[in-house]
Amino acid sequence: MTSRVATAISIPFTEWVDANAERFIERLKEAVAIPSISGDSARRDDVFNMAHWLDGQLKSLGVDTKLVDLGTQNVDGKEIPLPPALLGQIGDFTSEAGKKKKTILIYGHFDVQPASKSDGWDSDPFVLTTVGDKLVGRGSTDDKGPILGWLNVLQYHHDNQKELPVNLKFCFEGMEESGSEGLDDLIVKEAKGYFAGVDYVCISDNYWLNDRTPVLTYGLRGLCYFSVTVSGPAWDLHSGVFGGTVYEPMTDLVTLLSKLVDNKGKILIPGVVDRVPSVTSEEIKLYEKLDYSIADIDKAVGAPIALSSDKVEVLMGRMRNPSLSLHGIEGAFSGEGAKTVIPAKVSGKFSIRLVPDQDPKEINKLVKVYLESEFAKLNSKSKLEVKPLSDGKPWVADYKNPNYEAARVATLLVYGKEPDFTREGGSIPVTLTFSDALGVNVLLLPMGRGDDGAHSTNEKLNRSNFIEGTKLLGLYLYEIGASINIDPKY
Ligand SMILES: [Zn+2]
């Protein structure tokens with residue numbers, strides 16, 4: 001399993017990474033200190049600052065970069081500028097020897113989810129804080145740590161004047177946490193332009209299943225997100241005056257929401273699960289093999305609330321079955337006290353995670369028809385509006401492709417064990433865009449652990465994952481270079 005080429009090069013590289021760990025953590029600290037929250041328009045300048053910071057880093061490492069204007073975004077009726085996408089390339093794209101090298105396109109995002117101390121963080125979310133082996137801070141694992149992992153790899157080649165084993169292109173964006181606005185068009189437009197000649201794509205923006213075993217991810221669920229609005233009176237009413245005299249929108253809405261999914265997670269909308277293939281015995285064996293237990297779920301969610309005590313059932317629930325979650329009600333009274341309002345208009349928000357071969361367009365239609373027919377049964381005088389807010393298709397890749405094989409060998413070299421091959425419950429829509437627009441294999445090669453808390457309070461990246469993850473990204477590139485073209489005997 002050990003590769004002559006990778007071993008020969010890996011010893012100095014991995015040793016150098018260990019020797020430079022503190023310097024890398026300092027750089028992560030700098031990145032985390034920029035609160036690049038894409039979902040908060042008041043922080044838009046910080047997302048721009050982050051783009052420029054990253055641009056400067058890449059330039060200093062010899063990457064040829066450009067910031068691409070993605071236009072504007074409408075926020076509450078106001079047009080505000082979208083943060084630029086950051087494209088870059090480094091390598092030899094012109095000589096005969098250079099052209100023989102494989103070209104890998106790296107994707108990452110430099111925006112983060114909102115965070116403030118008052119949400120329940122133990123420390124300032126924008127000050128990278130070391131707690132034991134953990135590096136705590138917003139963006140540490142999602143997705144600044146992994147992006148900086150690539151910078152660390154570049155740093156080795158830059159500082160030691162080493163040639164890269166592959167050619168690299170970069171596509172970094174600052175709107176991932178807000179629907180990647182503007183990026184799809186850019187990828188499609190540049191598929192035969194800036195991204196021409198790309199052999200493989202690598203994305204490090206998801207997580208291990210647990211805190212022990214590295215994974216390679218070859219599938220993602222898709223998503224259909226809905227808003228269902230019920231409106232009645234022209235304004236909010238007082239329940240002491242009008243309770244018992246009018247149809248109340250909230251009552252209708254809660255009734256409708258209760259008809260979408262049962263408390264065991266079973267989707268109740270007719271037709272929605274029809275296209276989901278039934279599970280094969282080969283597939284069940286794959287899930288049985290994964291290093292995962294019910295205790296891992298309990299730990300990840302902080303309570304013993306798994307839907308089943310059967311590991312395979314729970315894994316299938318997360319990876320290969322669709323699910324429906326209720327997220328919230330807009331317009332309803334929330335907060336302290338006992339306000340006796342009858343809200344005039346309320347919108348329920350829910351979404352369905354999709355798997356192959358579910359099609360978002362078809363699901364949108366099924367959901368709309370179902371909610372309208374259920375609403376008709378209520379004989380209410382209120383009004384109903386069902387609106388799909390966003391959607392994304394599910395994705396599955398060929399995990400026997402050389403791109404995955406390189407990552408598998410690199411994992412074995414760095415962690416001393418085989419990775420688990422997983423499908424992820426969430427969606428990274430850009431994955432599908434790259435796969436469709438470029439027509440090449442896409443690999444999801446996560447750096448962080450399942451308990452990193454990517455979108456929650458006290459988000460962290462283990463120091464060991466940052467450092468070993470840096471080695472993993474580097475050796476993955478060497479394996480691609482070694483196994484495919486540098487040494488044909490390998
Ligand atoms: Zn992310």
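Quick look at the values:
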item: Any hit, segment 154-165, residues being more than 14 Å from the ligand (Cβ to nearest atom), modelled with pLDDT under 95, in contact with a Gly (Cβ under 8 Å, 6 or more places away or on another chain) and basic (Lys, Arg); result: no
item: Failed item, numbered, when residue 218 is tested on (1) away from the ligand (no atom under 16 Å from the Cβ); (2) part of a strand (DSSP E or B); (3) crowded, with 23+ Cβ neighbours inside 10 Å; result: (3)
item: Options 67, 58: the member that is in a strand (DSSP E or B), away from the ligand (no atom under 16 Å from the Cβ) and assigned by TED's automatic domain parsing to the domain that holds residue 467; result: 67
item: Qualifying positions in segment 108-122 - surrounded by 14 or more Cβ atoms within 10 Å (Cβ to Cβ) and within 25 Å of residue 211 (Cβ to Cβ); result: 108, 109, 112, 113, 115, 121
item: Wholly within segment 387-490, strands (runs of 3 or more DSSP E) carrying at least 2 residues that are more than 20 Å from residue 109 (Cα to Cα) and at pLDDT below 95; result: 420-424
item: Residue match in segment 327-341 (condition: in contact (Cβ under 8 Å) with a residue 12 or more places away in the chain, β-branched (Val, Ile, Thr) and touching an Asp or Glu at 6+ places or on another chain (Cβ under 8 Å)); result: yes
item: Unique residue being more than 26 Å from residue 448 (Cα to Cα), modelled with pLDDT of 95 or more and part of a helix (DSSP H, G or I) when the list is 240, 244, 265; result: 240
item: Leading residue by the ranking (nearest to the ligand (Cβ to nearest atom)) among those in segment 222-236 that are open to solvent by less than 20 Å² (accessible area, probe 1.4 Å) and either out of contact with any Lys or Arg (no Cβ under 9 Å at 6 or more places or on another chain) or of a type outside the set (Ser, Thr, Tyr) (or both); result: 222
item: From 205, 184, residue being within 16 Å of the ligand (Cβ to nearest atom), at negative phi and acidic (Asp, Glu); result: 205
item: Residue within segment 77-89 that is more than 30 Å from residue 199 (Cβ to Cβ), among the small types (Gly, Ala, Ser) and open to solvent by 40 Å² or more (accessible area, probe 1.4 Å) present; result: yes
item: Segment 166-181, residues that are more than 14 Å from the ligand (Cβ to nearest atom) and open to solvent by 30 Å² or more (accessible area, probe 1.4 Å); result: 181
item: Pair list, Cβ < 8 Å and 6+ apart or interchain, from segment 84-97 residues that are in the same structural domain as residue 158 (by TED's automatic domain parsing) to residues that are of a type in the set (Ser, Thr, Tyr) and surrounded by 21 or more Cβ atoms within 10 Å (Cβ to Cβ); result: 91/103; 93/103
item: Single unsatisfied condition, residue 240 versus (1) loosely packed, with under 11 Cβ neighbours inside 10 Å; (2) in contact with a strand residue (DSSP E or B) (Cβ under 8 Å, 6 or more places away or on another chain); result: (2)
item: Any strands (runs of 3 or more DSSP E) falling wholly within segment 93-157 and containing at least 3 residues that are among the hydrophobic types (A, V, I, L, M, F, W, C); result: 103-109
item: Filter result for the condition that a residue is touching an Asp or Glu at 6+ places or on another chain (Cβ under 8 Å) and without any contact (Cβ under 8 Å) to a residue 24 or more places away in the chain, over 268, 290, 307; result: 268
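Residue-wise test of (1) within 15 Å of the ligand (Cβ to nearest atom); (2) of a type in the set (Ser, Thr, Tyr).
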site	(1), (2)
410	no, no
417	no, no
427	yes, yes
436	no, no
440	no, no
454	yes, no
466	no, no
473	no, no
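The values are calculated or read from the model by the stated rules, or taken from the named source; none is laboratory data. These numbers were taken from a predicted model, which means no experiment stands behind them. Don't worry about glycine lacking a Cβ; one is built from the backbone with ideal geometry, like all the others, and counts go over all protein chains shown. Please note that ligands, DNA and RNA were not included when accessible areas were found on the heavy atoms of the full protein model with its side chains. Shrake-Rupley method; radii C 1.70, N 1.55, O 1.52, S 1.80 Å.
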